[in-house]
Amino acid sequence: MKRSPGALLLRWSGRVLVAAILLFVLLPGVVVAISAFNDRAILQFPPQSWSLRWFWRAFSYADFAKGFWNGLTVTVWASSIAVVVGSAFAFAIHRYKFALRDFLEGILLSPLIIPHYTIGLGVLILASQTGIGRGFPLVIFAHVVMVLPFVMRSTYISLENLDTRLELAASSLGATPLRILFTVTIPLLIPGLLSGWLFAAILSFNEFTATLFVSSQATQTLPVAMYNYVREFADPTLAALSVIYIVVTATLLTIANSFLGLGKILNVDAH
């Protein structure tokens with residue numbers, strides 16, 4: 001079927017608009033990535049000479065190393081706790097009807113719309129009123145609050161895609177509800193739980209705004225260490241570290257998509 005000139009113009013205009021949006025989004029990252037290879041101790045684009053020295057500095061700087069391990073500790077604990085708590089809440093909200101269910105869901109999902117600096121400041125005030133120090137438990141608690149909605153969404157979508165006939169079949173064969181949960185339901189939810197954990201881990205590891213309020217010098221994560229660094233230095237080290245961030249995050253998401261099928265879990269499959 002032959003298309004009219006107006007339809008062809010609209011189609012190509014849409015493609016040009018999408019390309020322009022992608023260019024607008026990706027261009028800053030490209031500039032930062034190229035600047036990371038500058039040999040001079042200033043941010044310059046394009047570089048006049050090329051070097052990998054700033055990547056070595058990013059790996060060898062002591063505060064970055066400490067921030068990385070602190071961030072990894074917080075990420076593992078926060079993501080694991082969020083998966084357990086978030087999946088339990090998602091299961092209860094999806095399967096049962098009870099008073100204030102919608103209100104509870106709104107409270108749990110509210111970190112999606114509340115600015116992170118507000119959450120960080122609120123947690124800091126709560127900690128100061130209760131005498132809790134700015135140690136790892138406080139940082140982990142703040143991160144759990146912020147990543148919980150993403151775990152809940154991932155688990156909720158997996159529950160929507162779950163074939164409940166399998167649970168009914170197990171029940172008809174005499175399995176108890178607890179046995180059905182651990183032998184049928186949870187194994188079928190594992191891709192959603194793993195993807196939820198992965199998204200929570202990525203968000204937790206990159207979280208800066210709230211962490212700035214609740215962390216101390218001893219518990220500062222990598223983003224906070226980067227912030228403290230840029231206040232003192234203006235060399236391309238942070239550009240190099242940003243490239244490492246982008247590569248690692250993209251690799252993890254690609255691997256997860258290959259093994260877990262994130263499109264299906266997040267309900268964004270084209271078909």
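Take the chain, compute every pairwise Cα distance, and split them into 10 Å bins from 0; I just need the percent in each bin. Per 10 Å bin, starting at 0, the Cα pair percentages come out as 6, 21, 27, 23, 15, 7, 1, 0.
Residues Ser13, Ser195, Ser51, sorted by accessible area with the largest first, give Ser13, Ser51, Ser195 [1.4 Å probe; ligands and nucleic acids excluded].
A Förster distance of 25 Å, applied to the separation of the beta-carbon atoms of Val31 and Leu252, puts the FRET efficiency at 0.60.
Counting only Cβ charges, +1 for Lys and Arg and -1 for Asp and Glu, the dipole size of the range 153-233 around its Cα centre is about 80 debye.
For Asn38, the residues whose amide H sits under 5 Å from its own are Ser51, ignoring neighbours fewer than 5 places away on the same chain, with H placed 1.01 Å from N.
Considering only protein heavy atoms and a probe of 1.4 Å, how much of the accessible area of the range 1-123 is carbon and sulfur, as a whole percent?
Carbon and sulfur atoms account for 75 percent of the accessible area of the range 1-123.
Solvent exposure of the range 110-227, expressed per residue, is 50 Å² of accessible area, with all protein chains present and a 1.4 angstrom probe. Which helices pass in the chain if a helix is a full DSSP H run, must span at least 20 angstrom along its long axis by Cα, and must have mean Kyte-Doolittle hydropathy not below 1.6? Qualifying helices, which must be both long enough and hydrophobic enough, are 5-35, 186-206, 237-260.
Based on the Cβ-Cβ distance from Leu166 to Leu9, what FRET efficiency comes out when R0 is 51 Å, to the nearest 0.05? Efficiency for this residue pair is about 0.50.
Between Ile42 and Ile114, residue separation times 0.36 nm minus the direct Cα-Cα distance comes to 22.3 nm.
Overall, the accessible surface of the range 164-254 at a probe of 1.4 angstrom is composed of carbon and sulfur to the extent of 73 percent.
What the Cβ-Cβ distance of Ser128 and His94 gives, at R0 = 35 Å and to the nearest 0.05, is a FRET efficiency of 0.40.
Counting Lys and Arg as +1 and Asp and Glu as -1, each charge on the Cβ, what is the dipole of the chain about the Cα centre in debye, to the nearest 20?
The calculated dipole for the chain is roughly 520 debye.
The values are calculated or read from the model by the stated rules, or taken from the named source; none is laboratory data. Computed from a prediction, not measured in an experiment: that's the story for all the values here. Methodologically, a virtual Cβ is constructed for each residue, glycine included, from the backbone with ideal geometry; neighbour enumeration extends over all protein chains shown. Ligands, DNA and RNA are excluded from the accessible area calculation, which covers all protein heavy atoms including side chains. Shrake-Rupley method; radii C 1.70, N 1.55, O 1.52, S 1.80 Å.
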